[in-house]
1. Would a scan of region 58-67 turn up a residue that is within 16 Å of the ligand (Cβ to nearest atom) and over 23 Å from residue 212 (Cα atoms)?
2. Quick check on my filter: what residues within region 244-266 are closer than 15 Å to residue 303 by Cβ and among the acidic types (Asp, Glu)?
3. Go through region 68-83 and count every residue that is crowded, with 17+ Cβ neighbours inside 10 Å, polar (S, T, N, Q) and away from the ligand (no atom under 14 Å from the Cβ).
4. Working only within region 85-108, note down all residues that are in contact with a helix residue (DSSP H, G or I) (Cβ under 9 Å, 6 or more places away or on another chain) and without any contact (Cβ under 8 Å) to a residue 60 or more places away in the chain.
5. How many residues does region 229-247 hold that are surrounded by 23 or more Cβ atoms within 10 Å (Cβ to Cβ) and modelled with pLDDT of 95 or more?
6. Just checking, how many residues over region 252-303 are within 15 Å of the chain's Cα centre (by Cα) and among the acidic types (Asp, Glu)?
7. Is there any pair with a first residue in region 332-347 that is within 20 Å of residue 359 (Cα to Cα) and a second that is at pLDDT 95 or above and among the β-branched types (Val, Ile, Thr) whose Cβ atoms are under 6 Å apart and which are 6 or more apart or on different chains, and what are they?
8. Output the number of the condition that residue 217 fails; it satisfies all remaining conditions of (1) surrounded by fewer than 21 Cβ atoms within 10 Å (Cβ to Cβ); (2) more than 25 Å from residue 119 (Cα to Cα); (3) at pLDDT below 95.
Amino acid sequence: MKLFEPIQLGAYQLQHRVVHAPLTRLRNTENNVPTDLMVEYHRQRATKGGLLIAEGSAVSAKLGGFPHTPGLFTKEQLEGWSKVTQGVHEKEGIIFSQLWHGGRAGSSLYLEKGQQLIGSSPIAIQKMNIMTNSPYEVPREATKDDIQDIIQQFVTAAKNAISAGFDGVEIHGANGYLIQQFISTSSNKRTDDYGGSIPNRARFVLEVTEAVVNAIGAGRTGIRFSPWGGEYIDAVDETSYETYSYILEHLNPNLAYVHFIEPRDDVLRETPDLENSLDPFRKIWQGRPFISSGGYSTSPELIATEAENNVNTLIAVGRAYISNPDLVERLKHGWSLNKYKREYFYTSDAVGYTDYPIYNDIVTTADSTEQQEEKAS
Ligand SMILES: Cc1cc2nc3c(=O)[nH]c(=O)nc-3n(C[C@H](O)[C@H](O)[C@H](O)COP(=O)(O)O)c2cc1C
């Protein structure tokens, strides 16, 4: 089965194609420092030659990120991450860090007094911010100097990630955050050379990527997109096929991978989109590693078929990896999966985080219960 065949991913030879999708879980300290619980979580899910993409990490203190999400900008945060990466490496796993800038989806509550959020254009998301339980704020439109500063924040965060032992980074260009705010027509109304035409809306993401590549190497850099996934925070593009085709054609061709969220994804979208398809993007990126994500958690069969039918495809799994620390083994043997418990996605302790059982433990417990029952009868 292709899913369990090795594949070269940039600088790394992976032993299988099941990837842990980036998953924000709010188990960091209030000051964005990864905890020992996170060391345990990642260690449980690490496999030899398997790729874990760690949750979105704020690239700097200047973006208004949230308490209990991780950062990559203080000594303590990097020390916390070093323990996580060490745990994964002890099991011969590979771990990338996801570099996050929320743009207008942050909150000025977490900025220095008097500072404002920065976005592509001064347009607020027309929803409540569930992290602060208040309406989203109108951001300040990024100036050219801000843009250069933010690119530098990504570069510094990428170098910091490598210094904390990460094998590479994934630039978060998905889910309606800053990069997608620049890409999408609904959130980018700029009239300078970062807005308007497709090449202009693509300029920011291409510049961020090239700067990160120059800092840490293309083989250690990946990027994530969700052409139809920005909708939940109002980052909708009128020309997704054309826009993302242009981006792929102009991205550094030697990136470790591109990672796309399927339009059928039902985590961010209220209604899964069953009409659109990633196939045109697969075609442009053919011959190189393409990670597909979204909608696999409810269908182990789909994971295998997609990897089988698409050359150079890896499958990133979110919710089913949350609830199955031994997901890779379960898929390999066709064992049943634990169900995820949504109510613990964003809580703060081990419950619903590191306490999901592995298959062998369930089987052993069931066997010994059966034996005890036999003895008793
Ligand atoms: C609890 C939770 C947290 C998430 N956090 C992130 C994140 O930090 N970065 C990101 O790009 N996507 C994030 N996602 C989206 C997942 O990476 C993935 O795309 C989504 O869960 C769909 O995959 P699935 O159907 O296998 O769950 C998150 C999803 C969930 C359920």
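1. Among the residues of region 58-67, at least one is within 16 Å of the ligand (Cβ to nearest atom) and over 23 Å from residue 212 (Cα atoms), which makes the answer yes.
2. Correct list: 262, 265.
3. Of the residues in region 68-83, 1 are crowded, with 17+ Cβ neighbours inside 10 Å, polar (S, T, N, Q) and away from the ligand (no atom under 14 Å from the Cβ).
4. Selection gives 87, 88, 90, 91, 93, 106.
5. Of the residues in region 229-247, 3 are surrounded by 23 or more Cβ atoms within 10 Å (Cβ to Cβ) and modelled with pLDDT of 95 or more.
6. 2
7. 340/322
8. (3)
The values are calculated or read from the model by the stated rules, or taken from the named source; none is laboratory data. None of the values given here were measured: they were computed from a predicted structure. Glycine gets a Cβ as well: all are built from the backbone with ideal geometry, and neighbour counts include every protein chain shown.
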